[in-house]
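A.B. asks: Structure in structure tokens, see below.
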């Protein structure tokens with residue numbers, strides 16, 4: 001009898017403490033964001049940067065208690081896998097993210113072929129997939145949940161070459177040198193087509209394997225055609241720097257273009273400031289200089305303080321997309337990728353660190369509006385420094401935001 | 001075909017070839033003596049490159065002093081790696097292969113963590129051009145070629161005329177008999193590994209100012225080294241020389257007159273033919289551990 005009373009009392013005390021214990025007002029869930037990104041290899045700067053920006057956003061969102069969707073609080077958590085710029089590995093890690101971790105959102109990927117590999121898993125499983133890869137076939141109607149987070153050469157080239165022809169009316173001959181893969185061909189062909197519209201003919205079109213080490217021979221062949229401007233198209237930073245260095249060694253002092261150069265300061269570390277003189281591009285500008293928003297300057301400062309490395313345009317673009325996506329999740333109160341995709345487009349233009357940020361180019365890509373558009377800043381390397389020269393708005397963006405200007 | 005361009009391209013080809021030979025020689029030396037195929041061999045080339053960036057590029061040490069420090073330092077580091085990582089698995093080919101793959105990742109990621117993801121440039125060591133018989137050659141490339149030739153000749157001298165070199169040749173022929181002769185096998189193997197790593201480091205120092213430095217710069221050269229070894233024959237030093245020169249000349253002349261894509265096709269077409277006609281390579285032969 002005594003034992004029975006004792007047990008009942010103990011049970012009662014335990015239940016009471018349990019009921020009196022702290023209880024969250026709203027149930028907390030986890031929103032898992034997956035990434036299949038290059039964390040090693042020559043493209044690591046893009047993948048590591050995208051992962052870091054997702055971490056920064058995650059910290060900011062979770063510090064405020066998470067995303068408030070459908071009466072629940074969602075803490076954001078990311079899982080990033082290294083795809084090693086290998087197609088088999090990309091598919092393996094994407095399968096893991098989609099089927100094991102059950103992610104519905106994959107934010108971040110770089111290097112064209114790996115995006116194509118990943119979308120073979122994400123598209124049939126209705127996973128929203130944002131990336132920095134280039135290639136027309138990544139935004140067709142067959143992949144409506146794909147988003148490209150920043151400009152590709154197709155958005156930039158036309159405006160770039162028209163602008164260059166205005167600045168340098170005597171520009172008549174172009175030479176391109178680009179990697180021998182889809183990104184490289186897109187960049188090379190894009191530059192040639194855009195230059196042709198501006199009245200500049202292509203006199204040399206070269207493609208190299210990414211493992212190529214020495215460019216003396218091919219550059220000698222290009223220089224024999226006496227181009228007025230040489231476009232490095234989608235050359236990666238280290239290789240681009242080497243090409244600039246060897247062009248300088250071979251005596252070339254003319255104009256250089258790098259339509260898809262996303263991080264010229266990294267290339268300057270390879271080639272030196274003299275070799276980079278008169279390099280013009282629209283995929284990188286001085287993030288602390290003229291024609292930038294105060295928010296971008298603050299973001300770059302914070303990133304460099306935390307990671308002691310410079311920021312790349314590609315990763316900033318991905319940051320803008322991720323922020324737009326998280327904002328839209330709360331605004332549309334949905335975690336359904338299909339509904340969210342429409343909500344993201346409908347909610348544009350966003351006030352992003354790059355200026356007004358929206359999605360368009362549905363006709364060009366023969367799909368839905370999934371290509372990010374924002375103000376394009378033209379910069380040049382002068383005396384070893386990046387100097388911002390001006391900016392343009394893509395016609396679709398201009399139609400939305402009118403005569404928008406950067407704050408003084 | 002412009003003869004001036006052909007001669008200049010050939011000079012570039014010889015320079016590149018010498019550098020690939022330095023890496024391939026180290027690889028073939030290690031295989032001949034230790035019986036292992038060290039896939040991490042080009043990581044010592046990468047370490048040599050970073051040491052050049054630091055000592056020559058940042059601390060402004062002399063070029064030749066940097067070369068000596070890199071070769072000696074990385075050579076000793078190689079001895080340590082052999083002692084700790086490969087000696088316990090001597091004679092076990094698969095295990096040694098796995099160790100070498102693991103070492104690639106360890107070296108790359110360690111350097112990536114310390115040095116960051118961005119590539120680095122090294123200032124050019126020698127500026128200007130030298131004119132010879134009406135042809136202009138870049139001074140830097142010429143010096144690199146001459147130093148490469150010098151190192152190859154020094155290696156040949158070491159292998160042929162020194163006591164340790166003779167011991168290495170003896171081990172390559174018959175390890176057990178060599179041991180019976182009183183040769184310290186462990187010391188000789190460590191020395192061979194160290195010499196191989198020193199040669200790879202030298203290539204890193206020489207090519208650093210010509211190209212650029214990156215944690216992943218070991219990838220293309222190790223592939224080229226294996227191509228050279230296949231062409232020339234595994235375990236054959238003269239074969240390495242022929243294979244390396246062939247590869248360098250095809251690369252430079254092909255890119256100057258045809259296209260970079262054609263270079264890849266030509267190189268692999270030749271390897272295919274070589275494997276069909278003479279699988280051992282041009283000068284390959286049997287070694288003691290086969």
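A.B. asks: From the residues in region A:327-340 that are touching a helix residue (DSSP H, G or I) at 6+ places or on another chain (Cβ under 8 Å) and not in a helix (DSSP H, G or I), which one is farthest from the other protein chains (Cβ to nearest Cβ)?
C.D. replies: Going through region A:327-340, the residues touching a helix residue (DSSP H, G or I) at 6+ places or on another chain (Cβ under 8 Å) turn out to be A:328-329, A:331-332, A:334-335, A:339-340.
Cutting the leftovers down to not in a helix (DSSP H, G or I) gives us A:334-335.
Details: A:334: 36, A:335: 33 Å.
Checked region A:327-340; the qualifying residue farthest from the other protein chains (Cβ to nearest Cβ) is A:334.
A.B. asks: Another question about this same structure. Only one of these conditions is not met by residue A:324: (1) under 18 Å from residue A:67 (Cβ atoms); (2) without any contact (Cβ under 8 Å) to a residue 40 or more places away in the chain; (3) surrounded by fewer than 23 Cβ atoms within 10 Å (Cβ to Cβ). Which number is it?
C.D. replies: So residue A:324 meets the others, but not (3).
A.B. asks: Can we say residue B:273 is more than 27 Å from residue A:271 (Cβ to Cβ), more than 14 Å from chain A (Cβ to nearest Cβ) and surrounded by 21 or more Cβ atoms within 10 Å (Cβ to Cβ)? Can you show your working first?
C.D. replies: Values: more than 27 Å from residue A:271 (Cβ to Cβ): yes; more than 14 Å from chain A (Cβ to nearest Cβ): yes; surrounded by 21 or more Cβ atoms within 10 Å (Cβ to Cβ): no.
It is false that residue B:273 is more than 27 Å from residue A:271 (Cβ to Cβ), more than 14 Å from chain A (Cβ to nearest Cβ) and surrounded by 21 or more Cβ atoms within 10 Å (Cβ to Cβ).
A.B. asks: Related question: Taking the conditions exactly as written (part of a helix (DSSP H, G or I), at pLDDT 95 or above, out of contact with any strand residue (DSSP E or B) (no Cβ under 6 Å at 6 or more places or on another chain) and surrounded by fewer than 21 Cβ atoms within 10 Å (Cβ to Cβ)), does residue B:105 satisfy them or not? Step through it out loud before you land on a result.
C.D. replies: Details: part of a helix (DSSP H, G or I): yes; at pLDDT 95 or above: no; out of contact with any strand residue (DSSP E or B) (no Cβ under 6 Å at 6 or more places or on another chain): yes; surrounded by fewer than 21 Cβ atoms within 10 Å (Cβ to Cβ): yes.
The answer is no for residue B:105.
A.B. asks: A further question on this structure: Of all residues in region A:133-142, how many are assigned to a loop (DSSP other than H, G, I, E, B) and out of contact with any strand residue (DSSP E or B) (no Cβ under 7 Å at 6 or more places or on another chain)?
C.D. replies: Within region A:133-142, the first condition is being assigned to a loop (DSSP other than H, G, I, E, B), and the residues that meet it are A:133-135, A:139-142.
Filter once more, so that each one left must be out of contact with any strand residue (DSSP E or B) (no Cβ under 7 Å at 6 or more places or on another chain): A:133-135, A:140-142.
Residues that pass the stated criteria total 6.
A.B. asks: How many of the residues in region A:143-195 are in contact with a helix residue (DSSP H, G or I) (Cβ under 9 Å, 6 or more places away or on another chain), farther than 20 Å from residue A:247 by Cβ and assigned to a loop (DSSP other than H, G, I, E, B)?
C.D. replies: Residues flagged as in contact with a helix residue (DSSP H, G or I) (Cβ under 9 Å, 6 or more places away or on another chain), farther than 20 Å from residue A:247 by Cβ and assigned to a loop (DSSP other than H, G, I, E, B) within region A:143-195 amount to 8.
A.B. asks: Let me ask another. If you take the residues of region A:240-262 that are within 8 Å of chain B (Cβ to nearest Cβ) and out of contact with any strand residue (DSSP E or B) (no Cβ under 8 Å at 6 or more places or on another chain), which of them is farthest from residue A:220 (Cα to Cα)? Quick ask: steps written out before the conclusion?
C.D. replies: We begin by selecting, within region A:240-262, every residue within 8 Å of chain B (Cβ to nearest Cβ); these are A:241-242, A:245, A:249.
Narrowing the set further to residues that are out of contact with any strand residue (DSSP E or B) (no Cβ under 8 Å at 6 or more places or on another chain) leaves A:241-242, A:245.
Working: A:241: 17, A:242: 14, A:245: 13 Å.
Out of the qualifying residues, it is A:241.
A.B. asks: I need the full set of residues from region B:153-193 which are under 17 Å from the mean Cα position of the chain (by Cα) and buried (at least 23 other Cβ atoms within 10 Å of the Cβ), in order please. Talk me through it step by step, then tell me what you get.
C.D. replies: Going residue by residue through region B:153-193, those that are under 17 Å from the mean Cα position of the chain (by Cα) are B:153-156, B:158-159, B:191-193.
Within region B:153-193, B:192, B:193 qualify.
A.B. asks: Report whether or not residue A:33 is closer than 20 Å to residue A:132 by Cβ and modelled with pLDDT of 95 or more.
C.D. replies: Values: closer than 20 Å to residue A:132 by Cβ: yes; modelled with pLDDT of 95 or more: yes.
Judged against the criteria, residue A:33 is a match.
A.B. asks: Go through region A:365-388 residue by residue and tally those that are in contact with a strand residue (DSSP E or B) (Cβ under 6 Å, 6 or more places away or on another chain) and either free of Cβ contacts under 8 Å to residues at least 24 places away in the same chain or farther than 30 Å from residue A:346 by Cβ (or both).
C.D. replies: 7
A.B. asks: Out of B:115, B:71, which single residue is touching a helix residue (DSSP H, G or I) at 6+ places or on another chain (Cβ under 9 Å), crowded, with 21+ Cβ neighbours inside 10 Å and closer than 26 Å to residue A:270 by Cβ? Before the answer, list the steps.
C.D. replies: Details: B:115 fails: crowded, with 21+ Cβ neighbours inside 10 Å.
Every option except B:71 fails the conditions.
A.B. asks: Keeping to region A:211-231, report how many residues are more than 9 Å from every other protein chain (Cβ to nearest Cβ) and in contact with a strand residue (DSSP E or B) (Cβ under 6 Å, 6 or more places away or on another chain).
C.D. replies: Qualifying residue count for the region: 7.
A.B. asks: Could you please find all residues in region A:179-194 being closer than 17 Å to residue A:161 by Cα and in contact with a strand residue (DSSP E or B) (Cβ under 7 Å, 6 or more places away or on another chain)?
C.D. replies: At the first step, the residues of region A:179-194 found to be closer than 17 Å to residue A:161 by Cα are A:186-194.
Of everything in region A:179-194, those that are closer than 17 Å to residue A:161 by Cα and in contact with a strand residue (DSSP E or B) (Cβ under 7 Å, 6 or more places away or on another chain) turn out to be A:187, A:188, A:191, A:192.
A.B. asks: Being at the interface with chain A (Cβ under 8 Å from one of its Cβ atoms) and in a helix (DSSP H, G or I) is the filter here; which residues of region B:108-125 pass it?
C.D. replies: Hits for region B:108-125 are B:108, B:109, B:112.
A.B. asks: Let me ask you something else. Determine which member of the set A:95, A:126 is farther than 19 Å from residue A:369 by Cβ and surrounded by fewer than 22 Cβ atoms within 10 Å (Cβ to Cβ). Steps first, please.
C.D. replies: Values: A:126 fails: farther than 19 Å from residue A:369 by Cβ.
Every option except A:95 fails the conditions.
A.B. asks: Here is a further query. Among what's in region A:179-205 and is closer than 23 Å to residue B:219 by Cα and within 11 Å of chain B (Cβ to nearest Cβ), pick the residue that is surrounded by the fewest Cβ atoms within 10 Å (Cβ to Cβ).
C.D. replies: Let us first name the residues in region A:179-205 that are closer than 23 Å to residue B:219 by Cα, namely A:179-184.
Going one step further and asking which of them are within 11 Å of chain B (Cβ to nearest Cβ), we end up with A:179-180.
Values: A:179: 21, A:180: 17.
Once the filter is applied, the top-ranked residue is A:180.
A.B. asks: Moving to a separate point now. Output the qualifying pairs, or none if there are none: Cβ atoms under 6 angstrom, residues six or more apart or on different chains, first residue in region B:242-260 and more than 9 Å from chain A (Cβ to nearest Cβ), second residue modelled with pLDDT under 90 and not in a helix (DSSP H, G or I).
C.D. replies: Partner pairs satisfying both residue conditions: B:242/B:282.
A.B. asks: Another question, then. Quick check on residue B:128: is it surrounded by fewer than 16 Cβ atoms within 10 Å (Cβ to Cβ), at pLDDT below 90, over 20 Å from the mean Cα position of the chain (by Cα) and within 14 Å of chain A (Cβ to nearest Cβ)? Working first, answer last.
C.D. replies: Working: surrounded by fewer than 16 Cβ atoms within 10 Å (Cβ to Cβ): yes; at pLDDT below 90: yes; over 20 Å from the mean Cα position of the chain (by Cα): yes; within 14 Å of chain A (Cβ to nearest Cβ): yes.
Yes.
A.B. asks: Under 6 Å between Cβ atoms, which residue pairs at least 6 apart in sequence (or on different chains) link something in region B:81-94 that is more than 12 Å from residue B:190 (Cα to Cα) with a partner that is at pLDDT 90 or above?
C.D. replies: B:89/B:95; B:89/B:96
A.B. asks: Looking at region B:2-15, is at least one residue more than 14 Å from every other protein chain (Cβ to nearest Cβ) and crowded, with 24+ Cβ neighbours inside 10 Å?
C.D. replies: There is no residue in region B:2-15 that is more than 14 Å from every other protein chain (Cβ to nearest Cβ) and crowded, with 24+ Cβ neighbours inside 10 Å.
A.B. asks: Among the listed residues B:78, B:57, B:49, which satisfies the condition of being within 16 Å of the chain's Cα centre (by Cα), within 14 Å of chain A (Cβ to nearest Cβ) and on the phi < 0 side of the Ramachandran plot?
C.D. replies: Working: B:78 fails: within 14 Å of chain A (Cβ to nearest Cβ); B:57 fails: within 16 Å of the chain's Cα centre (by Cα).
Residue meeting the stated conditions: B:49.
The values are calculated or read from the model by the stated rules, or taken from the named source; none is laboratory data. Model, not experiment: these values are computed from the prediction. Please note: Cβ atoms are built from the backbone with ideal geometry, for glycine as well, and neighbour counts cover all protein chains shown.
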